[in-house]
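Everything on this sheet refers to the single structure shown next.
The values are calculated or read from the model by the stated rules, or taken from the named source; none is laboratory data. Quantities reported herein were computed from a predicted structural model and do not represent experimental measurements. Note that each Cβ is placed from the backbone with ideal geometry, even for glycine, and that neighbours are counted across all protein chains shown. Accessible surface areas use protein heavy atoms only, side chains included; no ligands, DNA or RNA. Shrake-Rupley method; radii C 1.70, N 1.55, O 1.52, S 1.80 Å.
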Amino acid sequence: MRLKTAIILTVALTMAALAFAGCGEKESGKVTVRIGLTAPLSGIGAGYGQDIKAGLDMAIDEVNTKGGVTIGDTTYVFELLASDDEMVPESSLSNAQNFVLEKDIKVIWDPTANTIQSLMGINQTAGEEFLIMAYTSVPLYAQAPNKYMVTLPPPFSVYVKEWIKMAMGKGWKKMGMLQTTGAYGDLWGKTMKEAWTKAGGTVVAEAPASYYTESDFTPYLTTVLAANPDVIFCGGPSDPTALVIEQARSLGFKGGFIVIDQAKLDNIADKTGMEKLEGCIGVLPVEQGAENWPAMNDFAKKYQDEYGERVTWETAICYTGFHILVNAMKEAGSVDDVAAIRAGFAKGNAAVTSGEEFPVAFSGINNDTGALLMPGTAVMVENGKFVGMDMIEWWKQ
Amino acid sequence: MSFFLNQVIIGIQLGSQYVMVALGLTLIFGILDISHFAHGHLYMIGAYLLYMVMVLGGVNYWLALFICMAALALVGMLVERAVYRPLRGQPQINTFIAAIGLILMLETLVRGIQPKALSVPKPIDKTLSFGGISMEVQRLIVIIGAILLITALQLFIKRTRLGTAIEAVAQDREGASLVGISVNRISALTFAVATALAAAAAVFMAPLAFISPEMGGVLILKAFVIVVIGGLGSIKGAIAGGYILGLLEALAIAYVSSAYKDVFAFAVLIVILAVRPTGLFRGRD
Amino acid sequence: MEKKAKYAKAAALLALLGIAAALPWLLGKYQVRILTLAMAWTIATLSLNLILGYAGQASLAHGAFLGIGAYSFGIMVERVGLNFWLSLPLACLVTALLGMLVGLPSLRAKGPYFAIVTLCFNVIILKVFENWNWLSGGIQGQVVPRPAFLVQRWARYYFVLAFLVLTLVVMRLIVKSMLGVTLMSIRSNEDLAEAVGVNSFRNKLLAFVVSCFTVGLAGVLLALENGQLDFTITNYLYSFYLLIYLLIGGVATLSGPVVGTIGLYLLLDYMKNIGIKGVEEFRYFLFGLVLVLVIIFFPMGIVGGARRIWEWARGRLRRGEAQEVAG
């Protein structure tokens, strides 16, 4: 008897949960368009995934509070469905399948280089097409042979030349390498090593470490420092990168660092202080970008108010990227025709934003590769300040 | 030469951390026949507790050490009582599954509350330099702290009545219960001691590294390797194994390959067990 | 009475198979995909069941072998250009061969020692796949092309279902054979088995190799469903997951792995996509809690627990009948 009650109760609760999950709010006369996000929302990449999500949440909130977007004679509002993939390609594939087959989603954001490929494998299937909004700096994706993909940040190869120029300008010739392991770090390492030796430098030590599982880099650093490098190439997520720099300094290293684009110099400075970053070369910290793009100031402030921490490029770029997507949808005259939306990016300056209006300025899209054109900016810390902030318009090179 | 010495010192420091974690594991295994896979996650909880007590609570580092050890001893007893004791008498593999369940719970909980990595300031933020070797004071604290704790544990086991009872149970459980030693009490005590040791390791290491929900995962695998190499249940074996592994890793990074550093420990274990299927030192069958 | 029960059981199994065959026409595409994956995982759990459930050796390397099977298949089809029907058995054979190489030294170790050796092997394989980009395909992974007849989702469903049925039949044959009996004797007392003349090492090795062959097959089927592979397929977490599926389902039964794997796989997927805040975030917490509770209260797993309840209910029923007759 008690068992029966329990079963009935369980079934009833499950049904209620199902019904609850199933019903989406519908504002009168407005149609909701769902956008998918598959990202690391828990685990070692959680901070990164949450930054991406924050940018999309803010943009969607803004569009919806303004009453949505009218395309043709329908007004649309947006809803973000975010699913955790823990940076595992198989999970992002599952998420994407769920989005497309169950939730009728046509646009999916994916911010990790190693999971994008799994989406590229399925997004051109007839009847199940979807657009990938890829947040990755891995250069091969910026030349991606995928019909329905758009990449947002500049490819990392943009920085390499500029960084080497800065480092060699300091007279540094000997480089020690301590970047993160794994496919992404390897790709970076290979690119950097090639360019560095080509420019006349030498690589004196290599000790890549897993930034995701290692919590003490001293044995790696002593190995690298034993070869007396002028500069250490390092980087992975910001927190462990800060630790690498801190530990290198406390081991008495006086030279410079070249920090890969995944690590954020401002976040590192928060942990180590500017003093230890002297001679550090990397990507422009986001708030410094406000010098060129005034809207960044307001955006950074708004973000600080809402989330209580410093804004990142991920957030700012995805926020702007979402507005570009909406523009593309307007140009396409459709929110669900994937081919038309992809074509919409190239129409009527849909992918052009100014720094007056948006925190990040884009100069359009390369219609053949799907790469959005955002300039990259290399910086160096000298005398406690970020210097050398020239925008690199890499697509013109 | 100074480079080599440097790596050796770092190896000893790495080993100190391994020994402190492996000791608890081997005690628990010897006494209760449990593969306490969640031990590394209790170590992680210790580090988060340090953050709460020291950074949020503003308590002095050394006082925080004792608070963390005491609190984690309680947590250890709780885990023993709630999870492992009901499983006594069940096959090994069942306790292993329960431990994995515990791991999932602890990691998800911490991650859900604080997904980002944290760091704790060093109590003495200085670097010593002598003869081409430079070392942070905190590393000395790890090394010396480990030696003190290991000695204290040895004294406790050899010189106190409770300690000898632990050893008695480790050697012969049924015999011990025949002479009137309460296995329940001993098992709770063992968990308390083991978890307090893990907490101490976490407190010593936290200022050097950063705190994340995953920090216990790789550590526990290595601690298991140490315990197996040393012979399950052998205290001496765990101490020797821990220092050997630390040295091995520090030298492997320097002279072999840093990307494959984590592989060495596991490869060595496979080789050792292929040659001696019950470990290097006296092991329980 | 016995015969009647047998017929009833056969009828029930046939009905179950009928339902499984009808599902692709009743469910949406996504559910079909999830069920296909769940069935492939079930084959993997069944393989672990052979070596752990029947032979009593807790292998924690099955995640590695799963990945090895999947990758061998992907590499053969995509890079070497081998024929599909040749690659499928070859990939399983490669896995079995590697299993033999691992089993030869490691099966001499017993109990927890064997578990830890196999776990170490799994960690090494994961690290190798993570760092050796040529092997794993690096950031882009390994594409797994599908043959024309497996392009449709429902076709893949039936393909995997057929292999699941095949695996179940083979496992049943093994369990009922002399090998099965020998394995179980080793499980309950290895020394005793040796004493009565059983070569326990050879039998364990045979079981391990067959188990690896089967988990390799599961890897191939997973690769086919996903069309894409990356180094995480060799993760030792999968070894843990298989262990969980098996123990929660019920060891040393054939229905246990099926119930445990499909049930837990669907449950986790459901919790993930339910769209209620908190459930997705803390799903592994709930999962862990369920694990601990089930292991404490149903140490024989769901199937073992259900059997106990069934027997208890039948006992009561009989007693009731007896009382009625007496009354």
Can you find a residue in the range A:250-273 that is open to solvent by 30 Å² or more (accessible area, probe 1.4 Å) and on the phi > 0 side of the Ramachandran plot? yes
Quick check on the range A:119-128. Is at least one of its residues crowded, with 23+ Cβ neighbours inside 10 Å and hydrophobic (A, V, I, L, M, F, W, C)? yes
Among the numbered criteria (1) over 22 Å from the mean Cα position of the chain (by Cα); (2) not in a loop (DSSP other than H, G, I, E, B), which single criterion is violated by C:Arg108? (2)
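With within 14 Å of chain B (Cβ to nearest Cβ), assigned to a helix (DSSP H, G or I), within 14 Å of B:Leu269 (Cβ to Cβ) and open to solvent by less than 40 Å² (accessible area, probe 1.4 Å) as the only criterion, which of C:Leu126, C:Leu119, C:Leu135 stands out? Quick ask: steps written out before the conclusion?
Numbers: C:Leu126 fails: within 14 Å of B:Leu269 (Cβ to Cβ); C:Leu135 fails: within 14 Å of B:Leu269 (Cβ to Cβ).
When all the criteria are applied, what remains is C:Leu119.
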By residue number, the members of the range B:24-77 that are among the aromatic types (Phe, Trp, Tyr) and closer than 13 Å to B:Gly216 by Cβ are B:Phe37, B:Tyr43, B:Tyr48
Within the range A:39-66, can you find the residues that are more than 14 Å from every other protein chain (Cβ to nearest Cβ), without any contact (Cβ under 8 Å) to a residue 24 or more places away in the chain and either of a type outside the set (D, E, K, R) or open to solvent by less than 10 Å² (accessible area, probe 1.4 Å) (or both)? A:Asn64, A:Thr65
Among what's in the range A:301-341 and is of a type in the set (Ser, Thr, Tyr), assigned to a helix (DSSP H, G or I) and crowded, with 21+ Cβ neighbours inside 10 Å, pick the residue that is nearest to the chain's Cα centre (by Cα). A:Thr315
Given the options C:Phe149, C:Phe129, C:Phe159, C:Phe114, name the one that is in contact with a Ser or Thr (Cβ under 8 Å, 6 or more places away or on another chain) and more than 30 Å from A:Thr136 (Cα to Cα). C:Phe114
Can you name the condition, by its number, that A:Thr180 falls short on among (1) under 21 Å from A:Trp395 (Cβ atoms); (2) modelled with pLDDT of 90 or more? (1)
Given (1) within 14 Å of chain B (Cβ to nearest Cβ); (2) in contact (Cβ under 8 Å) with a residue 12 or more places away in the chain, C:Leu293 misses just (2)
Here the qualifying pairs (Cβ atoms under 6 Å; residues six or more apart or on different chains; first in the range A:192-220 and within 24 Å of A:Val138 (Cα to Cα) and away from chain B (no Cβ under 14 Å); second open to solvent by less than 30 Å² (accessible area, probe 1.4 Å) and among the β-branched types (Val, Ile, Thr)) come out as A:Ala195/A:Val160; A:Ala195/A:Ile164; A:Ala199/A:Ile164
Please determine, by comparing only the residues of the range B:91-101 that are facing another protein chain (nearest Cβ under 7 Å) and open to solvent by 20 Å² or more (accessible area, probe 1.4 Å), which one is nearest to B:Phe29 (Cα to Cα). B:Gln92
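For A:Gly36, are the conditions met, namely being in contact with a Phe, Trp or Tyr (Cβ under 7 Å, 6 or more places away or on another chain), open to solvent by less than 50 Å² (accessible area, probe 1.4 Å) and either in the same structural domain as A:Lys301 (by TED's automatic domain parsing) or at pLDDT below 55 (or both)?
Spelling it out, A:Gly36 is indeed in contact with a Phe, Trp or Tyr (Cβ under 7 Å, 6 or more places away or on another chain), open to solvent by less than 50 Å² (accessible area, probe 1.4 Å) and either in the same structural domain as A:Lys301 (by TED's automatic domain parsing) or at pLDDT below 55 (or both).
Return the total of residues in the range A:143-165 being outside any strand (DSSP E or B), more than 12 Å from A:Gly376 (Cα to Cα) and either at pLDDT 90 or above or of a type in the set (D, E, K, R) (or both). Spell out how you get there, then give the answer.
Of all residues in the range A:143-165, those outside any strand (DSSP E or B) come to A:143-148, A:152-165.
Checking which are more than 12 Å from A:Gly376 (Cα to Cα) leaves us with A:143-148, A:164-165.
Filter once more, so that each one left must be either at pLDDT 90 or above or of a type in the set (D, E, K, R) (or both): A:147-148, A:164-165.
Number of matching residues: 4.
Could you tell me whether A:Thr369 is outside any helix (DSSP H, G or I) and under 17 Å from the mean Cα position of the chain (by Cα)? Please lay out each step first, then the result.
Working: outside any helix (DSSP H, G or I): yes; under 17 Å from the mean Cα position of the chain (by Cα): no.
Considered against the rule, which asks whether it is outside any helix (DSSP H, G or I) and under 17 Å from the mean Cα position of the chain (by Cα), A:Thr369 comes out as no.
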Answer residue from the range A:95-118, given it is open to solvent by 20 Å² or more (accessible area, probe 1.4 Å) and under 22 Å from C:Lys277 (Cβ atoms) and is farthest from the other protein chains (Cβ to nearest Cβ) among those: A:Asp104
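Could you list, in sequence order, all residues of the range C:152-211 that are in a helix (DSSP H, G or I) and among the polar types (S, T, N, Q)? Explain how you work it out, then say what you get.
Quick first cut of the range C:152-211, residues in a helix (DSSP H, G or I) only: C:153-176, C:178-188, C:190-195, C:200-211.
Result: C:Thr167, C:Thr182, C:Ser185, C:Ser188, C:Ser200, C:Asn203, C:Ser211.
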I need a count of the residues in the range C:219-251 that are more than 12 Å from the chain's Cα centre (by Cα) and open to solvent by 30 Å² or more (accessible area, probe 1.4 Å). 4
Among (1) open to solvent by less than 40 Å² (accessible area, probe 1.4 Å); (2) among the β-branched types (Val, Ile, Thr); (3) more than 9 Å from chain B (Cβ to nearest Cβ), where does C:Val94 come up short? (1)
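Here are B:Gln17, B:Gln13: which of them is open to solvent by 10 Å² or more (accessible area, probe 1.4 Å), within 15 Å of B:Lys222 (Cβ to Cβ) and assigned to a helix (DSSP H, G or I)? Please lay out each step first, then the result.
Numbers: B:Gln13 fails: open to solvent by 10 Å² or more (accessible area, probe 1.4 Å).
Only one candidate passes the filter, namely B:Gln17.
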Condition (residue is more than 7 Å from every other protein chain (Cβ to nearest Cβ) and touching a residue at least 24 places away in the same chain (Cβ under 8 Å)) applied to the range C:271-289: is it met by at least one residue? no
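Looking at A:Ala346, is it open to solvent by 10 Å² or more (accessible area, probe 1.4 Å), assigned by TED's automatic domain parsing to the domain that holds A:Leu131, within 26 Å of A:Trp163 (Cα to Cα) and out of contact with any helix residue (DSSP H, G or I) (no Cβ under 7 Å at 6 or more places or on another chain)? Show your work before the answer.
Details: open to solvent by 10 Å² or more (accessible area, probe 1.4 Å): yes; assigned by TED's automatic domain parsing to the domain that holds A:Leu131: yes; within 26 Å of A:Trp163 (Cα to Cα): no; out of contact with any helix residue (DSSP H, G or I) (no Cβ under 7 Å at 6 or more places or on another chain): yes.
In short, no.
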Looking at the range B:136-147, which of its residues are assigned to a helix (DSSP H, G or I) and either within 12 Å of another protein chain (Cβ to nearest Cβ) or over 17 Å from the mean Cα position of the chain (by Cα) (or both)? B:Val137, B:Gln138, B:Arg139, B:Leu140, B:Val142
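Test B:Met54 against the stated conditions and say whether it is open to solvent by 50 Å² or more (accessible area, probe 1.4 Å) and at pLDDT 90 or above.
no
Does A:Leu187 count as within 9 Å of chain B (Cβ to nearest Cβ) and open to solvent by 20 Å² or more (accessible area, probe 1.4 Å)? Show your work before the answer.
Details: within 9 Å of chain B (Cβ to nearest Cβ): no; open to solvent by 20 Å² or more (accessible area, probe 1.4 Å): yes.
So A:Leu187 fails the test.
Among A:Val231, A:Val244, which is the only one that is within 13 Å of another protein chain (Cβ to nearest Cβ) and modelled with pLDDT of 90 or more?
Values: A:Val231 fails: within 13 Å of another protein chain (Cβ to nearest Cβ).
Result: A:Val244 is the single residue among A:Val231, A:Val244 that is within 13 Å of another protein chain (Cβ to nearest Cβ) and modelled with pLDDT of 90 or more.
Kindly indicate whether any position in the range C:192-204 is within 30 Å of A:Leu81 (Cα to Cα) and open to solvent by less than 40 Å² (accessible area, probe 1.4 Å).
Here is the first cut: in the range C:192-204, the residues within 30 Å of A:Leu81 (Cα to Cα) are none.
No, because not a single residue in the range C:192-204 is within 30 Å of A:Leu81 (Cα to Cα) and open to solvent by less than 40 Å² (accessible area, probe 1.4 Å).
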Restricted to the range B:114-135 and to residues being more than 10 Å from every other protein chain (Cβ to nearest Cβ) and at pLDDT 80 or above, the residue farthest from A:Leu243 (Cα to Cα) is B:Leu128
